[in-house]
């Protein structure tokens with residue numbers, strides 16, 4: 001079993017971090033993983049994206065050409081990677097920055113106003129955690145507990161308030177994913 | 001081995017070098033290698049080592065020359081254009097029989113090129129980018145784990161042969177994150193033991209007899225009679241290395257392979273995906289991946305060309321460099337095909353698969 005993911009958005013939206021937390025959690029759960037970022041000029045203002053592979057077998061190519069899952073935090077991400085999603089695949093998109101839908105018959109599309117939800121929770125910064133939550137709720141690719149443990153270790157002392165907001169955002173995402 | 005951590009290749013090789021006993025690191029920043037120098041700047045002081053951001057790549061390699069002359073484990077790193085600047089120093093290290101480790105995180109070239117992954121420095125690394133009769137052991141990792149493991153491998157080889165060793169990676173390996181398990185940190189006593197092995201030739205103060213005398217670290221020899229003997233000795237060293245230090249991986253290799261692929265580093269991973277896919281569709285493709293690109297595993301490739309192999313296919317992220325060594329190994333027995341990508345662009349496994357299918361079709 002192999003899952004190939006692309007997470008994409010404007011630099012600063014946290015698309016690379018979405019990929020990082022998924023990769024790390026899958027590693028903790030015993031999977032083979034790779035995380036390959038785009039780097040270069042697009043990191044500043046354009047579309048930053050990352051290829052993530054989660055696999056039972058060792059990862060050969062870390063490069064994802066046709067994702068099973070696309071996390072699109074902005075419109076250019078849908079335009080660029082939406083047509084490449086495999087049949088029966090999944091797209092999770094942030095409606096607040098994606099006015100145009102993908103509208104493919106053979107792809108499961110979940111749209112959520114992530115900026116709005118993040119603001120309701122209390123911080124713009126947790127937008128990407130909603131996306132992670134949706135991935136967990138919809139696919140069960142990784143467990144909530146694994147990410148909770150990782151985030152707690154990372155933020156408990158540094159910023160307990162942000163930790164709380166992050167966990168709230170993931171839980172809200174899981175609800176959306178399960179709907 | 002400890003717990004698995006998720007790390008960028010650039011950081012993993014830096015951490016592994018410190019664990020392997022490197023306490024002297026000199027470099028100048030360049031993308032896509034900068035996380036390596038950044039990590040060293042943070043961690044080397046904690047390991048009570050010396051980190052210097054040199055004024056240039058040339059200064060850095062010559063600092064390595066000085067440190068290596070004192071018998072210590074020293075390292076520098078850069079990316080392609082910076083490695084070009086270090087070539088004079090590398091030739092001097094080889095000429096003076098000095099152990100050192102140089103990491104190249106390759107990017108697109110020639111010239112300043114771009115900052116994306118490429119393999120265009122194969123000739124420079126393997127055939128000698130500097131002047132004179134020298135060879136360098138060149139380790140070409142293909143995963144972040146291997147990239148990390150190559151650090152202690154390189155230092156051990158450098159000490160064993162008193163010779164500069166290059167780790168030839170690329171921007172993809174440097175930038176990507178994969179799980180890594182590290183070797184334990186060498187203790188102060190272990191590092192002292194490593195240093196002692198060089199006391200009979202290196203510059204080291206306050207040594208007891210018999211090493212308390214004048215040692216000379218030099219690559220200059222004006223008398224041609226003496227230089228001739230020196231270079232002949234270097235040649236003998238390369239002969240031993242060629243015989244003992246070849247390393248390669250055999251992937252899906254068997255007596256019925258229709259096509260034998262050869263690829264190294266990042267390119268080999270992309271080829272593996274295509275090979276896996278084709279083999280599940282009923283074809284029989286094998287792959288040889290040189291783990292060290294010098295000394296080159298000519299005999300391993302020669303042996304893999306059974307009577308069933310119709311073609312050898314070489315994949316590189318350049319215009320075709322390693323293919324010349326593959327041709328030497330194949331020696332005209334079967335056609336050697338090539339697929340390359342340049343400019344820092346990667347070929348996708350799908351493109352490789354389509355190319356292999358075309359070559360398979362030609363045989364039908």
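Model label points for residue A:139 and residue A:100, set 7 angstrom from Cα along the Cα-to-Cβ axis, are 2.5 nm apart. Decide, for region A:2-178, between rounded, prolate and oblate: order the square roots of the alpha carbon gyration tensor eigenvalues as a ≥ b ≥ c, take rounded if a/c falls under 1.5, and otherwise choose prolate if a/b is larger than b/c, else oblate. Judged from the Cα gyration tensor, region A:2-178 comes out rounded (a/c under 1.5).
From the Cα gyration tensor of the protein assembly as shown, with a ≥ b ≥ c the square roots of its eigenvalues, which class applies: rounded if a/c is under 1.5, or else prolate if a/b is larger than b/c, or else oblate? Oblate. Relative to the current alpha-carbon distance between residue B:220 and residue B:303, full extension at 0.36 nm per residue lengthens the span by 25.7 nm. Here the spin labels are modelled as points 7 Å beyond Cα on the Cα-Cβ line, and at residue B:345 and residue B:41 they lie 3.5 nm apart.
Computed from the Cβ-Cβ distance with R0 of 35 Å, the FRET efficiency linking residue B:112 to residue A:79 stands at 0.65. In terms of packing, defined here as the mean over residues of other Cβ atoms within 10 angstrom, the peptides B:57-66, B:302-311 line up highest first as B:57-66, B:302-311.
Counting only DSSP beta bridges whose two residues both lie in chain B, roughly 25 percent are antiparallel. If you plug the beta carbon distance of residue B:361 and residue B:185 into 1/(1 + (r/R0)^6) with R0 = 45 Å, you get a FRET efficiency near 0.25. The angle separating the long axis of helix B:265-280 from the principal Cα axis of greatest extent in chain B is about 30 degrees.
Region B:10-75 and region B:97-137 have Cα centres separated by 18 Å.
Using a ≥ b ≥ c from the Cα gyration tensor of region A:76-179 (square roots of the eigenvalues), is it rounded, prolate or oblate, where a/c under 1.5 gives rounded and otherwise the larger of a/b and b/c decides, a/b for prolate? Since a/c reaches 1.5 and a/b is larger than b/c, the shape of region A:76-179 is classed as prolate. For a paramagnetic label modelled on residue B:229 (point 7 Å from Cα along Cα→Cβ), amide N atoms under 20 Å away belong, within region B:97-116, to B:97-98. Enter the angle in degrees (range 0 to 90, nearest 10) between the Cα long axis of helix B:349-363 and the first principal axis of the Cα atoms of chain B, meaning the one along which they spread out most. Helix B:349-363 and the main axis of chain B meet at about 50 degrees. Against chain B, whose longest principal axis comes from its Cα atoms, helix B:57-69 is set at around 60 degrees.
Here, each number is a calculation from the coordinates, and none is a lab measurement. Owing to the predicted nature of the structure, the values given are computational and were not obtained by experimental measurement. Neighbour counts run over all protein chains shown; Cβ positions are idealised from the backbone, glycine included.
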